[in-house]
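Please find one structure pasted underneath; my questions will follow.
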Amino acid sequence: MGISSEEKKKLSKKITWISILLIAILSLVLSLSVYIYYQIDPLVSARLKETIRSSTNGLYTISFSKLSTNPFTGNVIIRDIVFKPNPQVYNQFKKDRINPSHLYEIRVDALKLRQVHPLKVYLKRDLVINSILIEKPSVRVYYDRTIEKDSSKVDTRTTWQRLSKYLSSIKVGTVLFKEIDFKYIDQRLRKPEINGIKNLSITIKDILIDSLSHTDTSRFYHTRD
């Protein structure tokens, strides 16, 4: 039994409206994707810089040339990272006798985070990352223990306590440091002694930072492997 011309017109109209609806939904999704792409990166960038500043009491700052996030896959790429101490804050710490014995300066070509779960961050304040790849990090550690600390002023908070304002927990499956250029510089001597190693790769697994992980004796600096 054939379809009448009237039925064909009705079917054609339905297909047209369905097509228009699908195109409208697709356009909305694409528009939201573009909006999120351009809005989320500055927010993540600002929060990252503030977290580093706050968690180190202003001693360290972080900068980078580009931060790219994909909220749908949960992947994040940060390029040309520079993590370094603030000399003015460090000098003030020395006056207050609370300066750390080691200072770190780190430069990284690219930091790639895979499968970050944004909903857990937003709803539960739990940062869960499947893997982190750190490409060609240049690490400089400066040692200078010339002033006895005033123990009454030293910040003894744990890593989690420093970050708890922003997150409840941090979980990372795997961290790969690829082609590390590492130097340890002892500045106590008149001529600083430098020890180092190049092209070193290290894999760290199962990182957990929360309110209890610092008491877990099966972990070494929050890691199991």
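The values are calculated or read from the model by the stated rules, or taken from the named source; none is laboratory data. Predicted, not measured: the structure shown is a model, and the values here were computed from it. A quick note on method: Cβ atoms are made from the backbone with ideal geometry, for glycine too, and the neighbour counts reach across all protein chains shown. Accessible surface is based on the protein model in full, side chains and every heavy atom, while ligands, DNA and RNA are left aside. Shrake-Rupley method; radii C 1.70, N 1.55, O 1.52, S 1.80 Å.
Lys165 - would you say it is loosely packed, with under 15 Cβ neighbours inside 10 Å and in contact (Cβ under 8 Å) with a residue 60 or more places away in the chain?
yes
For the stretch 90-108: of the residues being open to solvent by less than 60 Å² (accessible area, probe 1.4 Å) and assigned to a strand (DSSP E or B), which is nearest to Pro137 (Cα to Cα)?
Going through the qualifying residues, I end up with Val108.
Moving on. Among the residues of the stretch 144-156, is there at least one that is modelled with pLDDT of 80 or more and in a strand (DSSP E or B)?
no
Tally up the residues in the stretch 46-89 that are assigned to a strand (DSSP E or B), of a type in the set (Val, Ile, Thr) and over 12 Å from the mean Cα position of the chain (by Cα), please.
So the count comes out to 2.
Pick from the stretch 65-77 the residues that are among the hydroxyl-bearing types (Ser, Thr, Tyr) and open to solvent by 50 Å² or more (accessible area, probe 1.4 Å): which of them is nearest to Pro42 (Cα to Cα)?
Ser65
Kindly indicate which of Arg114, Arg97, Arg79 is basic (Lys, Arg), touching a strand residue (DSSP E or B) at 6+ places or on another chain (Cβ under 7 Å) and closer than 21 Å to Arg53 by Cα.
That would be Arg79, the only listed residue that is basic (Lys, Arg), touching a strand residue (DSSP E or B) at 6+ places or on another chain (Cβ under 7 Å) and closer than 21 Å to Arg53 by Cα.
List every residue pair whose Cβ atoms sit under 6 Å apart, with the two residues 6 or more apart in sequence or on different chains, where the first one lies in the stretch 206-219 and is under 19 Å from Asn130 (Cβ atoms) and the second, anywhere, is in a helix (DSSP H, G or I).
Ile209/Thr159; Ile209/Trp160; Asp210/Trp160
Mind checking which residues of the stretch 180-224 are loosely packed, with under 12 Cβ neighbours inside 10 Å, of a type in the set (Lys, Arg) and not in a strand (DSSP E or B)?
The answer is Arg188, Arg190, Lys191.
Just wondering, is there one or more residues in the stretch 78-89 that are open to solvent by 80 Å² or more (accessible area, probe 1.4 Å) and of a type in the set (S, T, N, Q)?
yes
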